[in-house]
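Encoded as structure tokens, the structure appears first; notes follow it.
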Amino acid sequence: MSQPDVKQRDLLELVRPDLRGFGGYKSARTEDLRGDVWLNANESAWSNPADANATSRRYPDPQPVALKAALSSLYGCAPDELLIGRGSDEAIDLLVRTLCVAGQDAVVATPPVFGMYAVSARLQDAKLIAVPLIDGPEGFAPDLDAIANAVLEQGAKLVFLCSPANPTGAAIPLAQIEALLQTLQGRALVVVDEAYGEFSDVPSATTLRVRYPEVAVLRTLSKAHALAAARVGVVIADPRLIAVLRACQAPYPVPTPCAELAVAGLSPSALAATRARIATVIEERARLASALSVLPGVRRVYASDANFLLLRFADAEAAFRALLAAGVVVRDQRSAPQLDDALRITIGTPEQNARVLAALNAQTVAA
Ligand code: PMP
């Protein structure tokens, strides 16, 4: 990778100039006032009859302390390096809105990839610079030179890397992310979306934060932790950036029932169960990948570091229909760039995976 002569930029220079120093909304919960009768937030004095444990009468703590402690211990960071939001989807949106001046700044994404980077860019009227993944013998990989050029020549403010990537399943080696950070010299915030990190052996990019303040990491409880409906995701980044993002976030982003569920879902016993499930997914992923790769209609099974497999079929339409006829719904990827013959199949229980195999086997026999 070329090493252009670029000036190191302070992290906060990446934030929209009009938002530097923005304090955001000061809610009743953020004021540190003492007293035992709280009449400062126009809440009801009585609980709703359905609220059996009386947890929902009051507005929640904007960043619930117990959840913040559990998440920072889970991800190995300090509490002020982490912002809790409504899934990593909210973190993506916040990052784009906070860094990109509408109609002026640009975001880099690497299609085929998770669609929310492009959606958030569009909503903020930020230019999307698409740097396609390269489909090589080892699988899909980002074109890191082209990404660096997009930042250095076109001035993109934000780079979204997905590792392990949705929908390709490939993780990016940490040394490659580090080389990109080295080349960029702080010119852009590099966001590493690790929604599927628990299923991979590649260490988290949070380990790069000591040397590179301009790296942010997204994690979520929606995948390995089986709490998609709780909508708990985090961005882990420099505390100064976290403070700016928090000022731009909705006043009460973490509903109390969700926070309580998430704290319970991160207890030592729940974490032990989660770890066992992750091990099962990894075993099933290997079993399913090798069984699928020998089916005549399957052209390619990509190696996966996530909880799904990406496959190319001789006739993806027929495979999709055969699965649907067997009651199995998978993700049709055919409208994504470079994937016009591909389906993405989430790893299910061993029984569900057996149904996938049976349906595709029956289809190849019938064809
Ligand atoms: N990032 C990636 C790569 C994803 O695949 C998804 C969900 N499909 C998300 C983020 C969003 O997850 P969350 O539920 O945390 O919003």
Legend entry - Selection count, the range 98-137, where residues are open to solvent by 10 Å² or more (accessible area, probe 1.4 Å) and among the aromatic types (F, W, Y): 1
Inset, instruction - Filter the range 225-252 for residues that are in contact (Cβ under 8 Å) with a residue 40 or more places away in the chain, within 12 Å of the ligand (Cβ to nearest atom) and open to solvent by less than 10 Å² (accessible area, probe 1.4 Å) and give the result. - result: V232, G233, V234, V235
Legend entry - Scope the range 196-223; condition within 14 Å of S88 (Cα to Cα) and open to solvent by 10 Å² or more (accessible area, probe 1.4 Å); matching residues: Y196, G197, R219, S222, K223
Inset, instruction - Please enumerate the residues belonging to the range 66-85 that are touching a strand residue (DSSP E or B) at 6+ places or on another chain (Cβ under 7 Å) and either farther than 30 Å from E260 by Cβ or within 16 Å of the ligand (Cβ to nearest atom) (or both). - result: L67, L71, Y75, L82, L83, I84, G85
Inset, instruction - Check D315, D332 and return the single one that is within 27 Å of E198 (Cα to Cα) and acidic (D, E). - result: D332
Legend entry - Flag for A69 being open to solvent by less than 90 Å² (accessible area, probe 1.4 Å), without any contact (Cβ under 8 Å) to a residue 60 or more places away in the chain, assigned by TED's automatic domain parsing to the domain that holds P239 and under 21 Å from A216 (Cβ atoms): yes
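The values are calculated or read from the model by the stated rules, or taken from the named source; none is laboratory data. Computed from a predicted model, the values in this text were never measured in an experiment. Because the Cβ atoms are built from the backbone with ideal geometry, glycine has one as well, and the counts that use them run over all protein chains shown. In case anyone asks, the SASA skips ligands and DNA or RNA and just uses the protein heavy atoms, side chains included. Shrake-Rupley method; radii C 1.70, N 1.55, O 1.52, S 1.80 Å.
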